[in-house]
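Enquirer: One structure follows; several queries about it will come next.
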Amino acid sequence: MTSREFYLERRRAENPVFLRLVKALPPDRVAYRPHERSPSAEQIMWTMTNELRSCLMVVTRTGANGTLSHRRPLRKWCAFLNNG
């Protein structure tokens, strides 16, 4: 098994768990920050989502531009994750 195949296999296994985590975030609490200098829950989840997307682009399309897209509202995350 190649590293690429291993990564894709792990993504298939872990994506449902990540998606459940995103869906479990209460929309009225995404602005929560444990400290004033900490990123919000929304910022952390969007960073994780974009990192996942970039990694998937690399292994499925053999290239990524390395830029983050604009943050999206919580309600759009699930559709974004389902569509890759």
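Enquirer: Can you tell me which residues in segment 38-59 are surrounded by 13 or more Cβ atoms within 10 Å (Cβ to Cβ), among the small types (Gly, Ala, Ser) and at pLDDT 90 or above?
Expert: Looking only at segment 38-59, we keep the residues that are surrounded by 13 or more Cβ atoms within 10 Å (Cβ to Cβ), and these are 39-50, 52-59.
Within this subset, residues satisfying the condition of being among the small types (Gly, Ala, Ser) are 40-41, 54.
Once the filter is applied, which keeps residues that are surrounded by 13 or more Cβ atoms within 10 Å (Cβ to Cβ), among the small types (Gly, Ala, Ser) and at pLDDT 90 or above, segment 38-59 yields 40, 41.
Enquirer: Right, here's the next one. Considering only segment 2-37, how many residues are loosely packed, with under 12 Cβ neighbours inside 10 Å, in contact with a helix residue (DSSP H, G or I) (Cβ under 8 Å, 6 or more places away or on another chain) and in a loop (DSSP other than H, G, I, E, B)?
Expert: Here the count works out to 1.
The values are calculated or read from the model by the stated rules, or taken from the named source; none is laboratory data. Bear in mind the structure is a predicted one, so any value in this text is a computation, not a measurement. Positions of Cβ are backbone-derived with ideal geometry, glycine not excepted, and every protein chain shown enters the neighbour counts.
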